[in-house]
1. Confirm whether GLN33 is in contact with an Asp or Glu (Cβ under 9 Å, 6 or more places away or on another chain), surrounded by fewer than 17 Cβ atoms within 10 Å (Cβ to Cβ), in the same structural domain as SER149 (by TED's automatic domain parsing) and in contact (Cβ under 8 Å) with a residue 24 or more places away in the chain.
2. Right, TYR99: among the aromatic types (Phe, Trp, Tyr) and out of contact with any Ser or Thr (no Cβ under 9 Å at 6 or more places or on another chain) or not?
3. Note down all Cβ pairs under 7 Å where the first residue falls in the stretch 124-147 and is not assigned by TED's automatic domain parsing to the domain that holds ALA86 and part of a helix (DSSP H, G or I), the second is exposed (fewer than 13 other Cβ atoms within 10 Å of the Cβ) and aliphatic (A, V, I, L, M), and they're at least six residues apart or on different chains.
4. Could you please find all residues in the stretch 282-324 being basic (Lys, Arg) and in a helix (DSSP H, G or I)?
5. So which residues in the stretch 239-250 are crowded, with 16+ Cβ neighbours inside 10 Å and within 21 Å of the chain's Cα centre (by Cα), if there are any at all?
6. Inside the stretch 74-112, can you point out the residues that are part of a loop (DSSP other than H, G, I, E, B), polar (S, T, N, Q) and either in contact with a Leu (Cβ under 8 Å, 6 or more places away or on another chain) or under 21 Å from VAL152 (Cα atoms) (or both)?
7. On the basis of being under 30 Å from ILE287 (Cα atoms) and assigned by TED's automatic domain parsing to the domain that holds GLN19, does PRO119 make the cut?
Amino acid sequence: MTEGGAEKVLKELVELFPQADIYTIVDFLNEVQRLKILRGKRSHTSFIQHLPFARNHFRYYLPLMPRAIRSFDLSHYDLVISSSWAFAKGVKARRHLCYCHTPIRYAWDLFDEYTAHLPPIKRELVRWSLKHIRSWDKSHLPDLFIANSTEVANRIKRIYQQDSTIVHPPVDLERFQLREDKEGYYFTLSRLVPYKKTRLLVEAFNQMPQRHLVVAGEGEELEAIRAIAGPNVEVLGYVEDCKAVELMQRARAFLYAGYEDFGIVMAEALACGTPVIAYGRGGALDIVDRESGILFARQDPRDVMEAIERFEQSQFEPRRIRQRALCFDRHLFRQKIARIVDAFLQAH
């Protein structure tokens, strides 16, 4: 399992509320992951956990997920906090505070990007399922939304007509340490799936043989990206966490071309004192300012190339970049969540 922003938020919530019970639609963590994210705790799971092939293909049970999350009746708890990028926000609860990573993106905004690889019949089945899921999604809302970025707060307002409080996801500043001496390569790290747009970074560097790009991550596009990569593009595939941090610390700049809800990996790069060159939409607008990186306007290789040339004409101070990352510190995240929970309970 790749530990993304949602897992990092869950980890901090478990640390903040260590006595809380945990409910998930499925739970296939190995023991190392369970200790790292859930402090070794077991979660209560839905009936999907026990369906055939659920371990590797639980997403095929998409039409059943609203029923699965509603099968948990949590109304006996004083407060339920959900960490939701899809269905958790629909849980039955007496008082419900939702940390929202995004409204269901493949249902509301990015259907084409998520389903482009599917055959036509399966694509239409998904389209039919999502029509019903959108209706369900709008009819099951929490008492209070916490959004992980300005982008997500705007989506919550547009889709659910509700305001939200913004609390950015947590960055472990002890793990992502400042390194001031940088090397000559550019670096990118993500799941290698179509909507992350890593391929277009490789296409850009194929036209800049004098520049060196290192690509880390695994996913369905790994072999296709390896096949098109020029001699100046090094595609590593999966790397261990410690190696990924080292690569990020030493890089000349960190590159990201996806349209992200937040994009915690960009904030982690800043914590290393590494400037970020990113697509200028979504969460990148909350993370990257003029003193910490360069934003480009279109997901196009030419825009990436132009942004790199602008970067090469600029100067960035690693210590100042690290300072920018302090507002995403995981300890600050816990403090903000604790204050919101206290105020919510007092008000109710």
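The values are calculated or read from the model by the stated rules, or taken from the named source; none is laboratory data. It should be emphasised that the depicted structure is a prediction, and the values quoted were computed from it without experimental measurement. Neighbour counts run over all protein chains shown; Cβ positions are idealised from the backbone, glycine included.
1. Details: in contact with an Asp or Glu (Cβ under 9 Å, 6 or more places away or on another chain): yes; surrounded by fewer than 17 Cβ atoms within 10 Å (Cβ to Cβ): yes; in the same structural domain as SER149 (by TED's automatic domain parsing): yes; in contact (Cβ under 8 Å) with a residue 24 or more places away in the chain: yes.
Answer is yes for this residue.
2. Values: among the aromatic types (Phe, Trp, Tyr): yes; out of contact with any Ser or Thr (no Cβ under 9 Å at 6 or more places or on another chain): no.
So TYR99 fails the test.
3. Once the first residue is not assigned by TED's automatic domain parsing to the domain that holds ALA86 and part of a helix (DSSP H, G or I) and sits in the stretch 124-147, no partner that is exposed (fewer than 13 other Cβ atoms within 10 Å of the Cβ) and aliphatic (A, V, I, L, M) comes close enough.
4. Residues of the stretch 282-324 that are basic (Lys, Arg), as a first pass: 290, 298, 302, 310, 319-320, 322, 324.
Passing the criteria: ARG302, ARG310, ARG319, ARG320, ARG322, ARG324.
5. If we filter the stretch 239-250 for residues that are crowded, with 16+ Cβ neighbours inside 10 Å, which is where we start, we get 239, 244-245, 247-250.
Those that are crowded, with 16+ Cβ neighbours inside 10 Å and within 21 Å of the chain's Cα centre (by Cα): VAL239, ALA244, VAL245, LEU247, MET248, GLN249.
6. First pass over the stretch 74-112, keeping only residues part of a loop (DSSP other than H, G, I, E, B): 74-79, 85-87, 91, 93-95, 101-104, 109-110.
Keeping just the survivors that are polar (S, T, N, Q) gives 75, 102.
Matches in the stretch 74-112: THR102 only.
7. Judged against the criteria, PRO119 is not a match.
Condition check ((1) more than 21 Å from PRO169 (Cβ to Cβ); (2) under 23 Å from the mean Cα position of the chain (by Cα); (3) not hydroxyl-bearing (Ser, Thr, Tyr)) across all residues:
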position: GLU12; (1), (2), (3): no, yes, yes
position: ASP21; (1), (2), (3): yes, no, yes
position: ILE37; (1), (2), (3): no, yes, yes
position: SER46; (1), (2), (3): yes, no, no
position: PRO52; (1), (2), (3): yes, no, yes
position: TYR61; (1), (2), (3): yes, yes, no
position: SER75; (1), (2), (3): yes, no, no
position: ARG95; (1), (2), (3): yes, no, yes
